[in-house]
Amino acid sequence: MTTHTPTEVLSRVFGYDTFRGDQAQIIDTVVDGGDALVLMPTGGGKSLCYQIPSLVRPGTGIVISPLIALMQDQVDALGALGVRAAFLNSTQSAQERRDVETAYVAGELDLLYLAPERLSAPSTLSLLDRGTIALFAIDEAHCVSSWGHDFRPDYLALAVLGERWPAVPRIALTATATEATRADIVTRLGLGRASTFVSSFDRPNIEYRIVSKDNPRNQLLELLRTEHAGDSGIVYCLSRKSVEETAQFLTRNGIPALAYHAGMDSRTRAEHQSRFLREPGLVITATIAFGMGIDKPDVRFVAHLDLPKSVEGYYQETGRAGRDGNPATAWLAYGLQDVVQQRKMAATSEGDAAHKRRLGQNLDAMLALCETVECRRTQLLAYFGQPGSEACGNCDTCTAPPETWDGTVAAQKFLSAIVRLAQRRQRYGAGHVIDILLGKSNARIESLDHTSLTVFGIGTDLDANQWRGVVRQLLAQRLLTVGDDGYGTLELTEESSTVLRGEREVRLRHEVAAAATRRSRSSQKAKVDDVPLDAAGEALFEQLRAWRGETAREAGLPAYVVFHDATLRQIASTRPTSRDQLAGISGLGAAKLEKYGDALLAITA
Ligand code: ADP
Ligand code: ZN
C-alpha cells in the first residue's frame, strides 16, 4: 500500500471522511519522518495516528503495546478493514511466530504489534533489522514513567529504538500524563526533538459523580437499575475478594456480571474479557488490572467501589466509559474507611521517603477532587494542565451543588479529643473517638475510663454519620492524619494546631444524600451523535443489529468490529439502495463494503 495520501487511506480503509482534532497534523508529522508525542484522551482516536502513517509509509509500523491480551482483537479488527496486521507475543506457538516473522521480513505486513519485553531480546532486534520499519508507535507511553500509575520496567528498554534506528520516526501515545509524567516520557524515550500534541483532555459525554459511601453495593445496584439497565460497564474494586463478591451480588440481583483479577487463572480471565467484549449488557467487576487499552466503544458506565490511589488512575479508568461519544457515567463511592485505609497504606508502604511523599500527594489530589464543591470536570482538567474551563453542567457538583458549612467548632472538638487521648498516651481510630464525642457508654469506653475525658459527650449536635464526614474531610485536608502503626489510629498534623488555636476556619461539605446526586438528564450537555430515527427506522436499526450479531458470532468477532452502532443508525436513517450510497456512510470503508455490502443492501433495499 504505497503512494496514498492520509486522507485517501482514512476514507478508503476506515470509511471516515474527516480527521478529528490534531489527527491530521500528527499523521503528517510522522509520515514526514518526524517524532511525535501525543496526549489524547481515551476515545480521542489515537490508533489512527500511527495506523495511517504505517499504511502510507513504506514498510511495517511496529507497535509496542503492553496489552498482550488485546493484541488478537486489535489484529482481528484491522483484518476486518483489510489491513495486514499481526503480532508477536508469548501466547503464540513457535510455528505461529515463525510465520509472522517470515511475513514481516517479506514486507507483507502493514502493522506488527510487539510486547515491550520482546525488545530486550537481541533476536527481536535483529529480526526487525531484516525488514523495513515504517515507524515505531509506543502505545501507553506513560508506562515508562515511575511517576505514572502503571510503571513498567520493560518500557525503559524502549530507549534503544531511537539509538538503533535514528532515521525511523517514533510516535509515543498516552491518554494520561501530568506535566511530570510527560517530562519523563520525553527524557526516558529520548524524544527531545518530538513535536508534542496535547488534545483537550475533556470527555464531555462522561458525567462524573462522586457520592459518599453508605452501603456501596446497594448504591451501585440502584444506579444500575435506574440508569443503566442492560448496559455494559466496569466496576472497579480494590481487593480480589471484593471483586468476586460484587460479581456474585450483581448476578444474584439480576445483573449478569463477571469477575476479573490477577488471582484468577489466565484462561478464565481471558474468557471473561472476551465475553465482556462480545456479549451485550455484561458487567465486569475488576481490580485496576483490567481494561487498559480495552477499546470497547459502548461501555456505558465505570463505577468505583473504592477510592482510586491517584487522579491519573481515576481518569484513565473512567476514560474507558463512552468511547463512542454517547452519554456515559463515571460513578465513585467513597467514605471515611477509604481515606483511613489509603493514608495508612501510604504511611506504611515500602520504599523511601520520596516514594511515600509521592503516594501522599497522589492521594491528596484524589481527595481534593472528591471533596471539592466546584465543578469536578474543571478540577480534573486543571489537574491535567488545562485550567480555567467553565463549570460543565454534567457532573454532580454542577447539577446538585453541595452546600458548605462552618465546621471549625466540630473540627476543634474532634481534634481536642485526639489531644486529650494523646495526653494519656493513647491513640484510637475514628469510630472510637466518635463514640467518645457522642457520649456513648459501652463496655469498652467504661473499661478505658473514657467517660472521664472532658470531651466525653460534647459532640451530640452531630450524628455518627455526620462525624464520619467531618473526620473524612479533616483527613482529606491534612488537618488530621493516620499513624504508621498499621492500626488506622489518628494523629494530629502540623496544621492541626492552627485549627485548635482558632486561627483558621474549616469549611466542610454537607453530606449529600445519595439520591440527591442523581442525574438530571435534561441538564446533560453531552454530545449525543445518535441519529434520530422514526419508527420504521428503529425497526430497520434493530434488523441491522440482529444481522450484525449473527455475523459477528459466525466470525468470532466482537459486534463493534463488524460495525459500530453509529454506522448502523446512519444506514437505518438513510436506507441506502446502492453500493455508492453505502460507500458514503461513515465507518464503511472499502473492505467492509466489499465484505458486507450485499448483505446490507439485502436488508435495506
Ligand atoms: P483511543 O485509542 O484514542 O482511545 P481509538 O483510536 O480507539 O481511540 O478511537 C476511538 C473511536 O473513534 C474508534 O471507534 C475510531 O474508529 C473512531 N475514530 C477515530 N478517528 C476517527 C475519525 N477521524 N472519524 C471518525 N471516527 C474516528
Ligand atoms: Zn461540572
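The values are calculated or read from the model by the stated rules, or taken from the named source; none is laboratory data. Here the structure is a predicted model, which is why all the values come from computation and not from measurement. As a convention, Cβ positions derive from the backbone with ideal geometry for all residues, glycine included, and neighbour counts pool all protein chains shown. Surface areas here come from the heavy atoms of the whole protein model, side chains and all, with no ligands, DNA or RNA. Shrake-Rupley method; radii C 1.70, N 1.55, O 1.52, S 1.80 Å.
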> How large is the accessible surface per residue of the chain, computed with a 1.4 Å probe and reported in Å² as a whole number?
Replying inline: 42 Å²
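Taking the Cβ of E163 as the centre, find all other residues whose Cβ is under 15 Å away and add up their charges (Lys, Arg: +1; Asp, Glu: -1).
On the way: positive: R164, R170, R188, R193; negative: D35, D129.
Net charge around E163: +2.
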> Which of the trypsin sites (Lys or Arg not before Pro) across the range 336-424 are loop residues per DSSP, with 12 or fewer other Cβ within 10 Å?
Replying inline: R424
>> Cut-off under 14 Å on the C-alpha distance; same-chain residues fewer than 8 positions from K595 excluded. Which aspartates and glutamates are left, in chain and number order?
In response: E554
>> Which one, V13, L111, P169, is farthest towards the positive end of the dipole of the range 6-198 when Lys and Arg carry +1 and Asp and Glu -1 on their Cβ?
In response: P169
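How high is the FRET efficiency between E491 and D214 when r is their beta carbon distance and R₀ equals 25 Å, given to the nearest 0.05? Let's see the in-between values first.
Values: r = 27 Å, r/R0 = 1.06.
Result of the calculation: an efficiency of 0.40.
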> On full extension of the chain, what length is gained from R275 through R225, given 0.36 nm per residue of separation minus the C-alpha to C-alpha distance?
Replying inline: 15.9 nm
> According to a simple spin-label model (label point 7 Å from Cα along Cα-to-Cβ), what is the distance in nm between T7 and D99?
Replying inline: 3.9 nm
> Which order do S310, S578, S11 take when ranked by solvent-accessible area (1.4 Å probe, heavy atoms of all protein chains), largest first?
Replying inline: S11, S578, S310
>> Heavy atoms of the protein only, probe of 1.4 Å, neighbouring chains included. What is the accessible area of Y334 in Å², nearest 10?
In response: 0 Å²
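Return the loop-located GluC sites (Glu not before Pro) in the range 106-153 (DSSP other than H, G, I, E, B) with at most 15 other Cβ atoms within 10 Å of their own Cβ; answer none if there are none. Working shown, then result.
Numbers: sites: E108, E117, E140; in loops: E108, E140.
Taking the range 106-153 and a limit of 15 other Cβ atoms within 10 Å, the loop GluC sites (Glu not before Pro) found are E108.
Could you give the dipole magnitude of the chain about its Cα centre, charging the beta-carbon of Lys and Arg +1 and that of Asp and Glu -1, in debye to the nearest 20? Each step should come with its number before you reach the end.
On the way: 66 positive and 73 negative charges, 161 e Å.
For the chain, the charge dipole is close to 780 debye.
Structure shown: which of K46/K344; K213/K413; K213/K440; K46/K213; K296/K356; K46/K592 lie over 30 Å apart, alpha-carbon to alpha-carbon? Don't skip to the end; give the middle numbers.
Values: K46/K344 38 Å; K213/K413 24 Å; K213/K440 24 Å; K46/K213 35 Å; K296/K356 35 Å; K46/K592 21 Å.
In this structure, K46/K344; K46/K213; K296/K356 lie more than 30 Å apart at Cα.
Could you check how much of the accessible area of the chain is carbon and sulfur, as a whole percent, using a 1.4 Å probe? Please report the intermediate quantities before stating the final value.
Numbers: 12410 of 25110 Å².
Reported share for carbon and sulfur atoms: 49 percent.
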> Where in the range 296-369 are there GluC sites (Glu not before Pro) that are in a DSSP coil and have at most 16 other Cβ atoms within 10 angstrom of their Cβ?
Replying inline: E350
>> At 0.36 nm per residue, and after removing the present C-alpha to C-alpha distance, how many nm does the segment from V409 to A546 gain when stretched out fully?
In response: 43.1 nm
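Using r as the Cβ-Cβ distance of T91 and E554, and R0 as 35 Å, what FRET efficiency do you calculate, to the nearest 0.05?
Details: r = 24 Å, r/R0 = 0.68.
For R0 = 35 Å, the calculated efficiency reads 0.90.
Place a +1 charge on the Cβ of each Lys and Arg in the range 6-198 and a -1 charge on the Cβ of each Asp and Glu, then give the dipole magnitude about the Cα centre in debye, rounded to the nearest 20. The partial results should precede the final answer.
Values: 15 positive and 22 negative charges, 47 e Å.
Result for the range 6-198 is approximately 220 debye, rounded to the nearest 20.
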> Got a number for the accessible area of T7? Probe 1.4 Å, square angstrom, nearest 10.
Replying inline: 80 Å²
> So what's the back-of-envelope 222 nm ellipticity for the chain, counting only DSSP H runs of four-plus at -39500 (n - 2.57) apiece and dividing by all residues, rounded to 500?
Replying inline: -13000 deg cm²/dmol
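Can you give the extra length, in nm with one decimal, that the chain gains between D484 and A602 once fully stretched, where that is 0.36 nm per residue apart less the Cα-Cα distance? Mind dumping the intermediate values first?
On the way: separation 118, 0.36 × 118 = 42.48 nm, distance 6.91 nm.
Answer, rounded to one decimal: 35.6 nm.
Heavy atoms only, 1.4 Å probe, whole protein assembly: order T399, T489 by accessible area, highest first. Before the final figure, lay out the partial values.
On the way: T399 45, T489 10 Å².
So, going from the largest accessible area down, we get T399, T489.
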